[in-house]
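Here's the structure we're looking at; comments come further down.
The values are calculated or read from the model by the stated rules, or taken from the named source; none is laboratory data. Note that the coordinates shown come from a computational prediction; the quantities given were computed from them, not determined experimentally. Positions of Cβ are generated from backbone atoms using ideal geometry, with glycine treated the same way; all protein chains shown enter the neighbour counts. Just the protein is used for accessible areas: all its heavy atoms, side chains included, with ligands, DNA and RNA removed. Shrake-Rupley method; radii C 1.70, N 1.55, O 1.52, S 1.80 Å.
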Amino acid sequence: MSSPTSEPLVLARGLTKRFGAATAVDGIDFQVAAGEAFGFLGPNGAGKTTTMRMIGCVSPVTDGSLTVLGMDPRTDGPRIRARLGVVPQQDSLDTELTVEENLLIYGRYFDLSYRESRTRAKELLDFVQLTERAQDAVEPLSGGMKRRLVIARGLINQPDLLLLDEPTTGLDPQARHLLWDRLYRLKQQGVSLILTTHYMDEAEQLCDRLVVMDKARIVAEGSPRGLIDQYATREVLELRFRPEDQAAAEAQLGGLAERIERLPDRYLLYTTDGDAAAVEVHERGLRPDQVLVRRSTLEDVFLRLTGRTLIE
Amino acid sequence: MNHAIRVLEYQLLSYRRTWRGGLFTTFLAPVMFLLAMGLGLGTFVDGSAGGGLGGVPYLVFLAPGLLASNAMQTAAGESMYPIMSGITWNRIYQAMTSTPIRPRDVVAGLALWLVVRLAIVSVVFVAVMLLFGATSIGPGVLMIPVAILTGLAFALPIVAFSVTQRTDAMFPVINRFIIVPLFIFSGTFFPLEQLPALLQPIAWVTPLANGVSLARGIAIGGLDPALAVWNLGVLVAYCAVGLAWASRTFHRRLVQ
Ligand SMILES: Nc1ncnc2c1ncn2[C@@H]1O[C@H](COP(=O)(O)OP(=O)(O)O)[C@@H](O)[C@H]1O
Ligand SMILES: [Mg+2]
């Protein structure tokens, strides 16, 4: 499946992309190993898609170096693309063709025979649970079905590396969970994948390792657990006050936690023991409208690193 | 080449889903034009003083011009809206170029497809001409590649332009200021020599006038070799420039 050597599937050093005067990707370093599920977590405009397009050899590198599957995208684009699976941020399905035909012709682009392409299309439609829709037009499919079809299409050449750019953005929760389940299976089968997302739960569930991207740069790197341990406390106490109580409350929060973040609608108190902190809040005579104790997430990591939330 | 063939395969697969819708116009256009203009108008022209145009029945004079014009119209239809919507909305070409297929393969494949598409309408058109007795089999067959070349001379530069567009706003403009005027003033309906002297040199560097001239030379006979070389040269030049330009514009739009 992957190359026998242990060289990284993707290696980027000082990778930079400029569009005119604007810098979309600003000297980032990362590498992805075979068998890994690697993520780019960051808000809109962070430079995730641009990075994915450079890896996918459809966007020339402005500066720095990039190696994909041991080759140079500048000179080996077609050979690299032959071994990649691509799920772009925007679906690019052909609405004039049926579900099955979309896969068939895509297999042909990779020089598969019609027979081979048909066999794989059948298996893949089964895998993404679209077998019943094989002969249907693409247009009436739901957003989640289309996304699954694009994933099936990206697998038709049995790629060494699957690139997923925001695989579940815009889908309802049920469709997202179905998709996560399929992606998790791929991961279990040992398919190497790189995904971008601005959903911290998606990154936590699917990524072995990820980088947090903000404003064209990488601001942190690690496993989801490791990042949380490093940049957040174990628990978070969320407090919401009535607007008229807010000013008075804020003055009394000092010393209750290792760190306190103030969001427009609530306070986040970072502490190892959220319940203990909640008791203390009560003892100080504060009466918040809402009290919630939860585990820290990558959202908290992002907030810590950038002072902003992932989804504005 | 292999990759260009894949792009052609895609176009054929897509055509297989839509050809029925276009079938009616493919047949109807030549029948209506030849009936109305050739036979209808022809009765007046042929009945007038000289009897036909330079001794040639009007239908025989007109039909090769309509064949070339029909190729132009088909080319215009295939090279505007489908290309723009393919790159802007369906993202067909983005999907192709995330495989081993390169932008220039897409252009080559589209060129192959245009040849096929133009061949289909031109074969049908010539068949209808034969049916109406507007030409005979030998010249009829020879005119087909001329019609294809004329269509390509339009389609390739327009394809190059269309892929740069994000809406269909410019397409009616192209139709109104290029396609329709050329249809009327390229010698299809009356000899080019009747155009104002000032316009004639302009006409001779446009694709349709040269396509009509070549097709008519074949149909009526007595093809002037020097003129034929000029006609071919102009058509090939439009194709070559269109192909090179399209390679640039596809690359620009797909590789950013
Ligand atoms: N083709 C392009 N031309 C000019 N600017 C672009 C282009 N593509 C992306 N950008 C800019 O680069 C930045 C990063 O965009 P993108 O990579 O799409 O971010 P993300 O995928 O993280 O939302 C944005 O400011 C965006 O406007
Ligand atoms: Mg993006």
- Message: Please compute the length gained on full extension between residue A:225 and residue A:6, using 0.36 nm multiplied by the number of residues separating them and subtracting their Cα-Cα distance.
- Response: 76.4 nm
- Message: Could you tell me the relative contact order of chain A? Use alpha-carbon pairs under 8 Å, at least six residues apart, and round to a whole percent.
- Response: 19 percent
- Item | Calculated [θ] (222 nm, deg cm²/dmol) that DSSP helices of n ≥ 4 give over chain A, each run adding -39,500 (n - 2.57) | -11000 deg cm²/dmol
- Message: Show me, for the range A:269-281, the HN-Hα J-couplings you get by feeding each phi into the Karplus relation (A = 6.51, B = -1.76, C = 1.60, θ = phi - 60°), rounded to Hz, glycine and proline as x.
- Response: 10, 8, 7, 6, 10, x, 5, 4, 5, 5, 4, 5, 4
- Farthest toward positive dipole pole in the protein assembly as shown [+1 Lys/Arg, -1 Asp/Glu at C-beta], among A:227, A:103, B:79: B:79
- Provide the percentage of antiparallel DSSP beta bridges, counting only those with both residues in chain A; round to the nearest 5. 65 percent
- Filter the GluC sites (Glu not before Pro) in the range A:239-296 down to the DSSP loop ones having no more than 12 other Cβ atoms within 10 Å, then list what survives. A:258
- Query: Computed FRET efficiency, Cβ-Cβ of residue A:295 and residue A:13, R0 35 Å: what is it to the nearest 0.05?
  - Reply: 0.50
- Query: Any idea what the dipole of chain B comes to, in debye rounded to 20, about its Cα centre with Lys/Arg Cβ at +1 and Asp/Glu Cβ at -1?
  - Reply: 1020 debye
- Charge dipole (debye, nearest 20) of chain A; +1 at Cβ of Lys and Arg, -1 at Cβ of Asp and Glu: 740 debye
- Note on the structure: Mean-square fluctuation maximum in Gaussian network of chain A, Cα pairs under 10 Å, restricted to A:286, A:15, A:104, hits A:286
- Dipole axis of chain B (+1 Lys, Arg; -1 Asp, Glu on Cβ), positive-most option in B:40, B:228, B:160: B:160
- Message: Could you tell me the center-to-center distance, by alpha carbons, between the range B:1-54 and the range A:1-60 in angstrom?
- Response: 51 Å
- What does the convex hull of the alpha-carbon atoms of chain B project to on average, in nm²? 14.2 nm²
- Message: Only four residue types carry charge here, +1 at the Cβ of Lys and Arg and -1 at the Cβ of Asp and Glu. Report the dipole size of the protein assembly as shown about the Cα centre in Debye, rounded to the nearest 20.
- Response: 1360 debye
- Evaluate the relative contact order of the range B:2-254 (contact order divided by residue number), counting alpha-carbon pairs under 8 angstrom at least 6 apart; express in whole percent. 28 percent
- Task: Treating cross-link reach as a plain straight distance, find the lysines whose alpha-carbon is under 25 Å from the alpha-carbon of residue A:215, omitting any fewer than eight places away in the same chain.
- Result: A:17, A:48
- Query: Just A:22, A:216, A:278 to compare: in a GNM of chain A, with alpha carbon springs under 10 Å, which one fluctuates most?
  - Reply: A:22
- Note on the structure: Which of A:52, A:213, A:71 fluctuates most in a GNM of chain A (C-alpha springs under 10 Å)? That residue is A:71
- Query: Once both axes come from the Cα atoms, what is the angle between helix B:2-33 and the longest principal axis of chain B, in degrees from 0 to 90, rounded to 10?
  - Reply: 30 degrees
- residue A:63-residue B:252 FRET efficiency (beta carbon distance; Förster radius 22 Å; 0.05 resolution): 0.60
- Task: With a point put 7 Å past each Cα toward its Cβ, work out how far residue B:170 is from residue A:33 in nm, to one decimal.
- Result: 5.1 nm
- Query: Roughly how compact is the protein assembly as shown, stated as its Cα Rg over 2.2 N^0.38 Å to two decimals?
  - Reply: 1.29
- Task: Could you look at the range B:2-254 and say what percent of its accessible area is carbon and sulfur, using a 1.4 Å probe and all protein chains?
- Result: 73 percent
- How many nm separate the modelled label positions at residue A:95 and residue B:24, each set 7 Å beyond the Cα in the direction of the Cβ? 2.2 nm
- Ordering of A:91-97, B:204-210 by packing [mean C-beta count within 10 Å, highest first]: B:204-210, A:91-97
- Item | residue A:158 paired with residue A:76, simple spin-label distance in nm, labels 7 Å along Cα-to-beta-carbon | 2.0 nm
- Hits among aspartates and glutamates - C-alpha to C-alpha of residue A:122 under 13 Å, sequence gap 8 or more where chains match: A:100, A:101, A:132
- Query: So what J values fall out for the range A:46-51 if you push phi through Karplus, 6.51 cos²θ - 1.76 cosθ + 1.60 with θ = phi - 60°, rounded to Hz, Gly and Pro as x?
  - Reply: 5, x, 5, 4, 4, 4
